[in-house]
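In what follows, a structure is listed as C-alpha cells, so that the remarks can point back to it.
The values are calculated or read from the model by the stated rules, or taken from the named source; none is laboratory data. Just so you know, these numbers come straight off a predicted model, no measurement behind them. All Cβ positions, even for glycine, are placed from backbone atoms using ideal geometry, and neighbour counts span all protein chains on display. Just so you know, the surface numbers come from the protein's heavy atoms only, side chains and all, with ligands and any DNA or RNA stripped out. Shrake-Rupley method; radii C 1.70, N 1.55, O 1.52, S 1.80 Å.
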Amino acid sequence: QVQLVESGGGLVQAGGSLRLSCAASGSIFNINAMAWYRQAPGKQRELVAAKTSGASANYAESVKGRFTISRDNAKNTVYLQMNSLKPEDTAVYYCNAEVASYSSRRYLDYWGQGTQVTVSS
C-alpha cells in the first residue's frame with residue numbers, strides 16, 4: 001500500500017512563513033501529479049497547488065505569488081513553501097498524490113491525514 005505523511009503545519013502570525021512537507025512511501029511504481037489541498041471550517045476542500053513530475057505547476061489565484069510548490073522526485077516528496085501568510089489561509093492542508101503501485105500499475109488517488117495551519121492576525 002501507499003502512505004502519505006505530512007508535516008510542517010503550525011501556528012504563525014500574519015506575514016509569516018511555513019513550509020509543509022509530504023512524503024509518499026510504500027509500494028510505489030510511479031507518481032504522477034502531487035498536490036496540496038486545504039479545507040477551512042465550513043468550506044469545501046479546495047486545490048491550493050499542484051505539480052506534475054516535470055516542471056508544470058498550477059496555483060489557486062488566492063495563493064499565487066505567495067506559495068511555491070516543489071518536488072523531490074527521488075524522495076517521493078512534495079513541499080509547499082508558504083510566505084506572506086494571511087488569516088484566510090487558515091485551514092487543514094492535505095497532500096494528494098496520483099500513485100501507481102507495483103501491484104496494480106494503475107494510478108489511484110491517495111491522501112495524507114492533513115496538517116493544521118493557523119494564521120493569527
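Which one of these does Gly54 not meet: (1) assigned to a loop (DSSP other than H, G, I, E, B); (2) under 30 Å from Ser121 (Cβ atoms); (3) not β-branched (Val, Ile, Thr)? That leaves (2) as the condition not met.
Quick check on Thr52: is it within 15 Å of Ala24 (Cα to Cα) and either among the polar types (S, T, N, Q) or free of Cβ contacts under 8 Å to residues at least 12 places away in the same chain (or both)?
Values: within 15 Å of Ala24 (Cα to Cα): yes; either among the polar types (S, T, N, Q) or free of Cβ contacts under 8 Å to residues at least 12 places away in the same chain (or both): yes.
Taking the combined requirement at face value, the residue satisfies it.
Scanning the stretch 73-85 for residues that are touching a strand residue (DSSP E or B) at 6+ places or on another chain (Cβ under 8 Å) and either open to solvent by less than 30 Å² (accessible area, probe 1.4 Å) or modelled with pLDDT of 95 or more (or both) gives Lys75, Asn76, Thr77, Val78, Tyr79, Leu80, Gln81, Met82, Asn83, Leu85. Out of the stretch 55-80, which residues are out of contact with any Lys or Arg (no Cβ under 8 Å at 6 or more places or on another chain), touching a residue at least 12 places away in the same chain (Cβ under 8 Å) and closer than 23 Å to Ser25 by Cβ? Within the stretch 55-80, Asn73, Lys75, Asn76 meet the criteria. What's the total number of residues in the stretch 2-20 that are farther than 13 Å from Glu98 by Cα, in contact with a Ser or Thr (Cβ under 8 Å, 6 or more places away or on another chain) and either aromatic (Phe, Trp, Tyr) or open to solvent by 30 Å² or more (accessible area, probe 1.4 Å) (or both)? Total satisfying the criteria: 9.
Listed conditions (1) part of a loop (DSSP other than H, G, I, E, B); (2) open to solvent by less than 50 Å² (accessible area, probe 1.4 Å) are all met by Ile31, apart from (1).
Residue-wise test of (1) touching an Asp or Glu at 6+ places or on another chain (Cβ under 6 Å); (2) hydrophobic (A, V, I, L, M, F, W, C); (3) within 14 Å of Trp111 (Cα to Cα).
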site	(1), (2), (3)
Ala33	yes, yes, yes
Lys51	no, no, no
Ser62	no, no, no
Phe67	no, yes, no
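Within the stretch 89-112, track down each residue that is assigned to a loop (DSSP other than H, G, I, E, B) and crowded, with 21+ Cβ neighbours inside 10 Å.
First, the residues of the stretch 89-112 that are assigned to a loop (DSSP other than H, G, I, E, B): 90, 102-106, 112.
Residue satisfying the conditions is Gly112 alone.
Of the residues making up the stretch 42-69, just one is touching a strand residue (DSSP E or B) at 6+ places or on another chain (Cβ under 8 Å), open to solvent by 60 Å² or more (accessible area, probe 1.4 Å) and modelled with pLDDT under 95, namely Ser53.
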